[in-house]
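Just below is one structure, and these are the notes that go with it.
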Amino acid sequence: MNEAVKATNTANAQPIIEIENLSISFFTRKGEIPAVMDFSCTVMPGEAMGIVGESGCGKSTVSLGIMRDLSNVGRIVGGRIKFQGKDMGDMTEDELRSIRGNKIAMIYQEPMASLNPAMKIGQQLMEVPLIHDKVSKDEAYKRSLEMVRAVKLPDPERMMRSYPHQLSGGQQQRIVIAMALLSKPALLLLDEPTTALDVTVEAGIVELVKGLGQQFGTSMIFVSHNLGLILETCDKITVMYSGEAVETGKIKDVFDRMRHPYTQGLFRSIPLPGADKNERPLIAIPGQLPLPHERPKGCNFGPRCHHFVEGVCNAAEIPMIDVEGHEGHFSRCVRFEEIDWAALPPGAKKSAEPVKPGAPVLKIDDLKKYYHVGAGGVFGGGEGRTVKANETISFEARESETVAIVGESGCGKSTLAKVLLGLETASSGKVTLGNSEIQSTGIEKRNVDTVSAIQMVFQNPFDTLNPSHTVGSQIIRTLEKFKVGKTVADRKQRMLELLDLVKLPRAFAERKPRQLSGGQKQRIGVARAFAGSAKVVVADEPVSALDVSVQAAVTELLMDIQRKNKTTMLFISHDLSVVRYIADRVVVMYLGHIVEQGTTDQIFSPPYHPYTEALLSAIPIADTSVVKKHIVLEGDIPSAMNPPSGCPFQTRCRYKHLVPDGRCEKEVPPLKELGGGHRSLCWLSDEVLATMEPVIRFDKEHAALEGIPDDAAGVVDGVAVAGDGKAVRKAALARKSTRTVKKAIPAELPAEAAAAEKPATRKVATKAAETPKRAISAKRAKAKAGAKPAKIAAGKSVVSAPVETPAEPIDPADVGRPAGMVRPSQPDDLKLIVGIGPQIEIVLNDFGVYRFAQIAGWSETEREWVDKRLMLLGRSERDEWIKQAKALADGGEEEYVRVFGRKPR
Amino acid sequence: MQIEFIGAFNIIIGVLVRFWPVWLGLAIVLGASFTYKKRLGLYGQLFDSSVGIAGVVICLFWLFTAIFASTVAPFDPLSQIPVMKDALPGAIEPASKGVYLFGGDKLARDIFSRMVYGSQIVLIIAPAATGFALMVGITLGLPAGYYGGKIDTVLSFLANLVLAFPVILLFYLLVTPGIMDTPIPYAMAGLFFLFPIIFFCVLFWTRYKNRPDRLYWLMGLTLVLGGWIYIGLVFDADPLRIVHIEPNQLNIFVAVVFASSPGVFRIVRGLTMDIKTRDYVAAAQTRGETPWYIMLWEILPNARGPLIVDACLRIGYTTILLGTLGYFGLGLAPESPDWGTAIKDASRLLRSFIHPALPPTIALMSFVLGLNLLADSLREQSMKD
């Protein structure tokens, strides 16, 4: 270990681990099943390598293979693993044992399963130095205690004396990390270490792991399905698909210039901050992961790839190919140099009209749900206690609107769903569905119409269907219950139509759920929920258990059907990225209380409730150009059995000291009205709220400072804090404004809003001046004000804007703006230019660009300006555009063919 | 008169030949099973492991022996041929020239024939009693696990009460002639045999409530069949004279059901408590299904795996229990050929003759072993993939 740390300082350090063409197979009843094929990677001292991929792609098998801890059916069938220069294949069983847990330590997903429930924490920790370093008991205790301190656990002495079950999940995982680090390993393998934890707890663990990695100089292999997490923790990344590494390279290279269609597909199917359900829907990867024994010839991703070319991609096994210009960047794609990386796949959905929410369908007023626990049993006894699962919940949902309910485990969101569905009855308060009050009618007493009007999509795809019945019979049963169709034949017909609706083949009706993949099961779950004429569908984390590429498809499906049926959707989630993408309005819950509610824009831009702020900052975002404020909450969520006094969030709030007289601890704060239906449960004064900065920003300059290719940069996101006197107002999110200038061609800035905004932004600037990074972003914030009011025109924002006074482009942001023109009667088809898709065309049109000649005439600054605006729509070089446009403007298609030797698209 | 004997080799050949219908049956069933292995689900997977094959073969062997007992056995199990008293294995009976393959017992009956006929008693009572115990246990265990609360408390308390009582003592009480004269056994039989009828009626009612065409048909069938068997068993008043059970056999039957249903109850209750937390149960609730539909159609099918394994083991226990009962001379008639009684009879002369004790013991042991192997392998296979 010590050698390893020193090694970082020397120039030509020896790698900690070198994996060369590793192949691992499992031998089962069905014969040999290759789990990992031709996997290579090198991890240098102090470096962190991320392995990312969907379930079943072999990423965990790799980490187990490194430990040589494959079960009796798994075997390494090829390749070598060299650990600190020594081939692990040559080591004896004894040597391996001395390495495991000592030089290579592993942290698994489920902390409770990694700790022995019958031993005290102290004993378990002390075992490590006792066994590996053969030190005395006192010394072992001392080291353990130090390590518990290092992982930032409160009251280390008490921790050492407790049993694992007395700690929370986050604390357990910290103990596991402490145990792994006690032997001062040279290499730490983390296999989805935070998947079982809540987001705010996850953020703490991630920070800890990063910090410890730097402190101890440990190399890490970080296995995860979450790209955002990899971005936050690792230096290099390997993307795996179906047993093979498909792309590997430095984080920045892979994230910004991916050169494998699968990687790009992954990025396009996760809801990054730029995505929007109406204007920029997610693009799912079609199809599903091939089974290990049914892999195609050649490229494994071939059947799902829209760049697939017969005879090229499936001709032979494809090696890792070096990507020129990037050090250590490899891709397993033969066509990556020919592919147009900015083009959207054919058939990708175009933007859809935003739905107009109708009349309120579901009203919840002052709802309370208390449970009494503790009493019972044949001989009575035991004192009952009250758990306040829901406390004064009030909100309403309109027709065809999506309301997201956000919160971590134990916040009462599932209880709320149960009350709505009638599985529980409310303790007090009102729930109105349509015209009837349903809060105290249990499901048995509801009539068929009410039951079918409010339905649910469940979280776990493996649990949502009864494994004993066929898919068809389960849907038919639902139809029967909802009195849809008169005869058996009618219902069967309707069932087949429902299968069509969720885009599944009709043959699936005869299948048992175990023959379906997770995504397919979830589709059946959706079909079942929409079987009656559901007015409200409660979706309880419907995609969180699915693989990334499938998530997008199911999310889109859900929204399509919702749009078609004008259904109201209550989308329960802990994942704010998905919420931002899908929801129209957001309700944030914490410990049974609604702490903040408002439209999606209101929630995602300041002023925030302190909890929302922390939640936002905790979400890992897989975008290198995003700059996040790091807020790590102390401690864990308090138990609902024993909630804190006063404000539910006061135990973890970082703003508590700003409220005088310790009011947070004494009284539950009032629901503060912030304008436009935006409410927050907080004691903080308006002045404090007004100084809040946005948590998530795009930052081009920051990116440039770090030497990132410039196409990674972007636009400022959600910055507008407008403070005039006491009223706090919010302008719309800037990210939208860049693309939605639909009414007016030049950006229009209402003078009044501009005046109001300036002092506020200046305040931000002075406050943030200590770090150059922040200063830049603040400046950009100011700059962006020019292009801001776009959203106002769209009619969603709370700022009512007089639109008569078109402001001159005085703003620095508009320097370099290409001159626009009024829409000609026959605009050129800009899509002929390679790199411009239908969506980019729309944006260009918004800037007033309609002719090839305009593009051909762009200067360097103008091109850059456009580049910045378009950053969100795909990361690609746009140098070619001008050349292409010139050719097209000069001589149309013939000239283009002459210059480029191919036809325009 | 000197009795003639055949040699050891001829005895083995003789036994193998006597079992010819069993071998034929086994060959047909196993052949078919191997051919259609892929399509037979869990049963087909049993043939993937040697343990499973052994279990299936042993169980089928005894099943076919029971079915073809009259063909396999050369003599009547109850008839005595005085000259053959305590005859050694391989003795030739002078009159018919038939061979007492495993010798004769102290009452001069053919041990081989008695062993073969003994399998009939075990293979009727043990699975049937287990079946009834399953019905009782499921019908009570489902609501206990599903509703919880008071119902669970009361039912679990009763189950624990029965389980806490020593089983042998319970049998002594239930099977003594004094009790047999009272109407208690019939009352209990009347109660226990009601459960299957209730079970199937509720099963069909919950599912086909809204589809009268099927409902009437199934309910009618259940009531007619169930009622017929019920009348035959409990009142011994079957108009067709087909369903009939000896009073002392009924007694044993009732005792076995009474003793093993609490075990089934506990298993079903536990499984129900686990399965009711699944999303598909919540999905059923949210579409307004009745509790009994959920219990019988959503929960029970998914509890079948552990229940099948348990049933296999339970048939084994019941077989041992029957042996114990026979050994104590409880319940069954003194001349009955069942294995327990045979072991008891043989044990008296164990010092002089060991051969009458071995065949029933080995038979009992091998059958229970077969069932245990089967249960083991079922558990193994259902855990896989």
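Only the coordinates and a few stated rules stand behind these numbers; no lab work does. Keep in mind the model is a prediction, meaning the values are calculated, not measured. Backbone-built Cβ (ideal geometry, glycine too); neighbour counts: all protein chains shown.
Find how much the distance from A:Y370 to A:T432 grows on full extension, using 0.36 nm per residue of separation minus their present alpha carbon separation; answer in nm with one decimal.
On the way: separation 62, 0.36 × 62 = 22.32 nm, distance 1.93 nm.
Value of the extension gain: 20.4 nm.
If you split all Cα-Cα distances of the protein assembly as shown into 20 Å bins from zero, what percentages do you get per bin, shortest first?
Binned Cα distances yield the sequence 9, 30, 33, 18, 7, 2, 0.
Sticking with the crude label model, points 7 Å out along Cα→Cβ, report the distance from B:D181 to B:D236 in nm, one decimal please.
1.6 nm
Peptide B:284-295: average number of partner chain Cβ atoms within 10 Å per residue?
6
Nearest 0.05, what FRET efficiency do A:H293 and B:V154 give at R0 = 35 Å with Cβ-Cβ as r?
0.10
With springs connecting C-alpha atoms under 10 Å apart, model chain B as a Gaussian network and identify which of B:V175, B:V72, B:V17 has the largest mean-square fluctuation.
Between B:V175, B:V72, B:V17, it is B:V17 that shows the largest mean-square fluctuation.
Of all DSSP beta bridges located in the protein assembly as shown, what percent are antiparallel, nearest 5?
Restricted to the protein assembly as shown, the bridges split so that about 65 percent are antiparallel.
Exposure proxy check: A:E353, A:E157 ranked by fewest other beta carbons within 10 Å?
Details: A:E353 7, A:E157 10.
If I rank by nearby Cβ atoms, fewest first, I get A:E353, A:E157.
Connecting C-alpha atoms closer than 10 Å in a GNM of chain B, tell me which of B:P306, B:P356, B:P337 has the biggest fluctuation.
Of the options given, B:P306 has the highest mean-square fluctuation.
What are the extents of the Cα atoms of segment A:53-186 along their three principal axes, listed from largest to smallest and rounded to whole Å?
48, 36, 24
Can you give me the span-like helices of chain B, meaning DSSP H runs with 27 Å or more of Cα extent along the axis and Kyte-Doolittle mean at or above -0.5?
Long hydrophobic helices here: B:111-147, B:247-275, B:304-328, B:358-383.
Under the 0.36 nm per residue contour assumption, what length would be gained going from the current alpha-carbon distance of B:Q80 and B:W292 to full extension? Don't skip to the answer; put the middle values down first.
On the way: separation 212, 0.36 × 212 = 76.32 nm, distance 5.57 nm.
The B:Q80-B:W292 span can extend by a further 70.7 nm.
For segment A:464-596, state what percent of all Cα-Cα pairs lands in each successive 10 Å bin, counting from 0 Å until the bin that includes the largest distance.
11, 41, 32, 13, 3
How many percent of all Cα-Cα pairs in segment B:323-385 sit more than 18 Å apart?
I get 49 percent for the Cα pairs in segment B:323-385 exceeding 18 Å.
Tell me whether segment A:112-195 comes out rounded, prolate or oblate; compute the Cα gyration tensor, take square roots of the eigenvalues as a ≥ b ≥ c, and use a/c under 1.5 as the rounded threshold.
Cα axes put segment A:112-195 in the oblate bin.
Under the definition of Cα pairs under 8 Å and six or more residues apart, what whole-number percent is the relative contact order of segment B:86-174?
Here the relative contact order equals 13 percent.
In what order do B:L225, A:L844 fall by count of nearby beta-carbon atoms within 10 Å, going from fewest to most?
Values: B:L225 13, A:L844 23.
With the sparsest Cβ surroundings first, the list reads B:L225, A:L844.
Determine, at each q value in 0.06, 0.07, 0.08, 0.09 (inverse angstroms), the log₁₀ of I(q)/I(0) that the Debye formula gives when each Cα of chain B is one equal point scatterer.
-0.28, -0.39, -0.50, -0.63
Using Cα centres only, tell me the gap between segment A:474-497 and segment A:47-98 in whole Å.
So the two Cα centres are separated by 52 Å.
Only helical DSSP H runs with n ≥ 4 go in: add -39500 (n - 2.57) per run for the protein assembly as shown, normalise by residue count and round the 222 nm mean residue ellipticity to 500 deg cm²/dmol.
-13500 deg cm²/dmol
Give, to the nearest whole percent, the P(r) tail of segment A:407-517 beyond 22 angstrom, counting all Cα pairs.
When every Cα pair of segment A:407-517 is considered, 46 percent fall beyond 22 Å.
Which whole-number percentage describes the relative contact order of chain B, with Cα contacts under 8 Å and a sequence gap of 6 or more?
Working: 522 pairs, mean separation 87.1, N = 385.
Worked out over chain B, it gives 23 percent.
Note down the relative contact order for segment A:137-281 as a percent, whole number, built from C-alpha pairs under 8 angstrom at least six residues apart.
14 percent
Calculate the all-directions average of the projected area of segment A:76-155's alpha-carbon convex hull, and give it in nm². Walk me through the intermediate numbers first.
Details: hull surface 30.1 nm².
Approximately 7.5 nm², given one-decimal rounding.
Scaled to the compact-protein estimate 2.2 N^0.38 Å, what is the alpha-carbon radius of gyration of segment A:124-256, rounded to two decimal places? Before the final figure, lay out the partial values.
Values: Rg = 16.4 Å, N = 133, 2.2 N^0.38 = 14.1 Å.
In units of the globular-protein estimate, segment A:124-256 measures up at 1.16.
How big is segment B:251-385 in terms of Cα radius of gyration and Dmax, in angstroms?
20.7, 72
Would you work out if segment A:214-330 is rounded, prolate or oblate? Take a ≥ b ≥ c from the square roots of the eigenvalues of the alpha-carbon gyration tensor; rounded if a/c is under 1.5, else prolate when a/b is larger than b/c, oblate otherwise.
It comes out oblate by the Cα gyration axes.
Considering the Cα positions of segment A:355-475, please state its Rg to one decimal place and its Dmax as a whole number of Å.
Using the Cα atoms of segment A:355-475, the pair Rg, Dmax is 17.0, 58 Å.
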